[in-house]
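Undergrad: Right, I'll just put the structure down here and ask away after.
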There are 2 protein chains.
Amino acid sequence: MEQRRADNIAEALEEHIFSGSFQDGDRLDEVRLAEQFGVSRTPLREAFQRLALSGLVELVPRRGAFVRQPGPIELMEMFEVMAELEAVCGRLAAMRISEEALDDLRDANAKCQKAVDAKDTDGYYTENERFHKTIYRQSGNRFLEQETAKLHKRLKPFRRQQLKFRGRMAQSMAEHEAIVDALATGKPEESANALRNHVAVQGEKFHNLMASLKSKAE
Amino acid sequence: MEQRRADNIAEALEEHIFSGSFQDGDRLDEVRLAEQFGVSRTPLREAFQRLALSGLVELVPRRGAFVRQPGPIELMEMFEVMAELEAVCGRLAAMRISEEALDDLRDANAKCQKAVDAKDTDGYYTENERFHKTIYRQSGNRFLEQETAKLHKRLKPFRRQQLKFRGRMAQSMAEHEAIVDALATGKPEESANALRNHVAVQGEKFHNLMASLKSKAE
DNA sequence: TTCGAATTTTTTGTATACAAGAATGTTGAC
DNA sequence: GTCAACATTCTTGTATACAAAAAATTCGAA
């Protein structure tokens, strides 16, 4: 891993943090990382500033940068906000969605179903993401779309864990159908509720998430 | 304005952008600003990274940093998201709020009323902020609280404009009362709707906001 | 004049140098 | 052996130096 530009460094570090290469509390050694990336400390420090604002690292003055992995509580909070943001997207989209977008959703669902049948987790994941991002876009609010996508991205590593649990893909599919129905018939509150429940981490999903957290820590 | 630390520079620049000292599209000259702040380019560039992520500045590679003031459309989108986030806070708070917090809200409202009577815009503003931040906190979700407060801060300069319009403070007060009622009686949907309508920019408020935008541009 | 190529000047991006604070290790007193 | 004061080493924060890209300017041809 050498000779990267400053623009990419933040992204590369983000990847490392997401992938779990860095544990919570780890100090990001400027000189060591500079060597690894084949750059000087300057672009690294600029990357730290970005990561600090997005909450992935904590910048302690005169001490350095420390990675901050969300704990169980913060994670639950983030998922709750995710569910609410998706609900908002759905409520707005129910009033603003286009016919083309509805077709996109149906297409994504069809491909999701194929992936489920083929037990293709990656394929399911890709189409699932397209499904959700289409709804963000159809909220008709670019700012909301971006903010929702930002949190979606941040929760990605944890959501991926979720999909591996047995039966989750099939259940998720059924929920997708209900969401499309609510959107197609222009029912704001129904769309919002369907999306909120789809994304919310409750009951069994809660236990699965906690279990995956523990296995990560080991 | 001299001898500031890097930590403060981002904040100082933010202030300048919020206050309207910088127009949309203005280039932030590294050497000129470095002189003004009495520092070298290095800490300034670190500050730029932070501002870029929060959307206040656009970083064009090999070109520099340009301030990005939200246009009318983006502003409307941000207010729509603000209304929805406050609604979410309200819905959750209705289920989770404490008696002490309810008293805080009533206290803030009382002081708001005094400020209205005294035509004390600043005083009103302070207590209004306390009112809203109490609700964010009572959502029981720290992550939601922080995200909502972040957007609240970003919209501050535009909201302040709003309050100057005649009759707005009195109407706002009445809405606050309704919000407290809904929260006190533990009605999630009613609280959410009351807060959404309170924050949403519609009808007359829309025209006022647009008018204040025009006067700023002059 | 007007346009365009070549040259100069700015400005950004990165490396390096250096000062000051934090961490670490050592020594000596008890 | 333990603890504290001092010295040393590391690390961060900032300034400066330098290379490369972009912008501005000059100059000559049509």
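Undergrad: Is at least one residue of the stretch B:99-113 among the charged types (D, E, K, R) and touching a Ser or Thr at 6+ places or on another chain (Cβ under 7 Å)?
TA: Taking the stretch B:99-113 first, the residues among the charged types (D, E, K, R) are B:99-100, B:103-104, B:106-107, B:111.
Remaining after also requiring touching a Ser or Thr at 6+ places or on another chain (Cβ under 7 Å): B:104.
Within the stretch B:99-113, one or more residues are among the charged types (D, E, K, R) and touching a Ser or Thr at 6+ places or on another chain (Cβ under 7 Å).
Undergrad: If you take the residues of the stretch A:14-40 that are of a type outside the set (Gly, Ala, Ser) and within 11 Å of DNA strand D (Cβ to nearest atom), which of them is farthest from residue A:214 (Cα to Cα)?
TA: A:31
Undergrad: Looking at the stretch A:179-193, can you tell me whether even one residue there is more than 24 Å from residue B:81 (Cα to Cα) and in a helix (DSSP H, G or I)?
TA: The answer is yes, given that some residue of the stretch A:179-193 is more than 24 Å from residue B:81 (Cα to Cα) and in a helix (DSSP H, G or I).
Undergrad: Can you report the number of residues in the stretch A:58-101 which are out of contact with any Asp or Glu (no Cβ under 8 Å at 6 or more places or on another chain) and not in a helix (DSSP H, G or I)?
TA: Counting residues in the stretch A:58-101 that are out of contact with any Asp or Glu (no Cβ under 8 Å at 6 or more places or on another chain) and not in a helix (DSSP H, G or I) gives 8.
Undergrad: If you don't mind, there's one more thing I want to ask. Report, by residue number, each residue of the stretch B:182-196 that is surrounded by fewer than 15 Cβ atoms within 10 Å (Cβ to Cβ) and in contact (Cβ under 8 Å) with a residue 12 or more places away in the chain.
TA: B:186, B:189 - these are the residues of the stretch B:182-196 that are surrounded by fewer than 15 Cβ atoms within 10 Å (Cβ to Cβ) and in contact (Cβ under 8 Å) with a residue 12 or more places away in the chain.
Undergrad: Additional query: Tell me, please, whether a residue that is surrounded by 20 or more Cβ atoms within 10 Å (Cβ to Cβ) and not in a helix (DSSP H, G or I) can be found in the stretch A:133-147.
TA: Yes, there is a match, as at least one residue in the stretch A:133-147 is surrounded by 20 or more Cβ atoms within 10 Å (Cβ to Cβ) and not in a helix (DSSP H, G or I).
Undergrad: Could I ask something else about it? Name, by its number, the condition in (1) touching a helix residue (DSSP H, G or I) at 6+ places or on another chain (Cβ under 8 Å); (2) away from DNA strand C (no atom under 14 Å from the Cβ) that does not hold for residue A:68.
TA: (1)
Undergrad: Suppose we filter the stretch B:41-57 for residues that are away from DNA strand D (no atom under 16 Å from the Cβ), in a helix (DSSP H, G or I) and not hydrophobic (A, V, I, L, M, F, W, C); how many remain?
TA: Counting residues in the stretch B:41-57 that are away from DNA strand D (no atom under 16 Å from the Cβ), in a helix (DSSP H, G or I) and not hydrophobic (A, V, I, L, M, F, W, C) gives 0.
Undergrad: Output the residues belonging to the stretch A:58-103 that are without any contact (Cβ under 8 Å) to a residue 24 or more places away in the chain, within 10 Å of another protein chain (Cβ to nearest Cβ) and not aliphatic (A, V, I, L, M).
TA: Correct list: A:61, A:70, A:74, A:77.
Undergrad: Continuing with the same structure: Just a yes or no: is a residue in the stretch A:117-127 more than 17 Å from residue A:176 (Cα to Cα), outside any loop (DSSP other than H, G, I, E, B) and touching a residue at least 40 places away in the same chain (Cβ under 8 Å)? Explain how you work it out, then say what you get.
TA: Of all residues in the stretch A:117-127, those more than 17 Å from residue A:176 (Cα to Cα) come to A:118-120, A:122.
Checking the rest, the ones that are also outside any loop (DSSP other than H, G, I, E, B) come to A:122.
Right, trim to touching a residue at least 40 places away in the same chain (Cβ under 8 Å) and you get none.
Scanning the stretch A:117-127 turns up no residue that is more than 17 Å from residue A:176 (Cα to Cα), outside any loop (DSSP other than H, G, I, E, B) and touching a residue at least 40 places away in the same chain (Cβ under 8 Å).
Undergrad: Checking the structure you have, find out if any residue of the stretch A:31-42 is of a type outside the set (S, T, N, Q), in contact (Cβ under 8 Å) with a residue 24 or more places away in the chain and either within 13 Å of chain B (Cβ to nearest Cβ) or away from DNA strand C (no atom under 11 Å from the Cβ) (or both).
TA: Within the stretch A:31-42, none of the residues are of a type outside the set (S, T, N, Q), in contact (Cβ under 8 Å) with a residue 24 or more places away in the chain and either within 13 Å of chain B (Cβ to nearest Cβ) or away from DNA strand C (no atom under 11 Å from the Cβ) (or both).
Undergrad: Going by the structure shown, is residue A:130 farther than 17 Å from residue A:173 by Cα and of a type outside the set (Asp, Glu)?
TA: Working: farther than 17 Å from residue A:173 by Cα: no; of a type outside the set (Asp, Glu): yes.
Considered against the rule, which asks whether it is farther than 17 Å from residue A:173 by Cα and of a type outside the set (Asp, Glu), residue A:130 comes out as no.
Undergrad: Here is a follow-up. Being touching a helix residue (DSSP H, G or I) at 6+ places or on another chain (Cβ under 9 Å), in a helix (DSSP H, G or I) and in contact (Cβ under 8 Å) with a residue 12 or more places away in the chain: is that true of residue A:159 here?
TA: It is false that residue A:159 is touching a helix residue (DSSP H, G or I) at 6+ places or on another chain (Cβ under 9 Å), in a helix (DSSP H, G or I) and in contact (Cβ under 8 Å) with a residue 12 or more places away in the chain.
Undergrad: Oh, and also: What are the residues in the stretch B:153-174 that are under 11 Å from the mean Cα position of the chain (by Cα) and either within 14 Å of chain A (Cβ to nearest Cβ) or charged (D, E, K, R) (or both), if any? If you could, list the steps in order and put the result at the bottom.
TA: Let us first name the residues in the stretch B:153-174 that are under 11 Å from the mean Cα position of the chain (by Cα), namely B:153-160.
Listed by number, the residues that qualify are B:153, B:154, B:155, B:156, B:158, B:159, B:160.
Undergrad: Looking at residue A:74, is it more than 16 Å from DNA strand D (Cβ to nearest atom) and either within 30 Å of residue B:9 (Cα to Cα) or loosely packed, with under 14 Cβ neighbours inside 10 Å (or both)?
TA: Against the criterion (more than 16 Å from DNA strand D (Cβ to nearest atom) and either within 30 Å of residue B:9 (Cα to Cα) or loosely packed, with under 14 Cβ neighbours inside 10 Å (or both)), residue A:74 qualifies.
Undergrad: I need the full set of residues from the stretch A:138-149 which are under 20 Å from residue A:55 (Cβ atoms) and more than 10 Å from chain B (Cβ to nearest Cβ), in order please.
TA: If the condition is that a residue be under 20 Å from residue A:55 (Cβ atoms) and more than 10 Å from chain B (Cβ to nearest Cβ), then A:149 is the only one that fits.
Undergrad: Those residues that are out of contact with any Lys or Arg (no Cβ under 8 Å at 6 or more places or on another chain), acidic (Asp, Glu) and under 15 Å from residue B:152 (Cβ atoms), I need them from the stretch B:93-140; list them, please.
TA: B:129
Undergrad: Could I ask something else about it? From the set of residues in the stretch A:43-57 that are touching a residue at least 40 places away in the same chain (Cβ under 8 Å) and within 10 Å of DNA strand C (Cβ to nearest atom), which is farthest from residue A:153 (Cα to Cα)?
TA: A:46
Each value in this text was obtained by applying a stated rule to the coordinates, not by laboratory testing. Every value quoted in this text rests on a predicted model; they were computed, and no experiment measured them. Here Cβ is always computed from backbone atoms with ideal geometry, including for glycine, and neighbour counts include all displayed protein chains.
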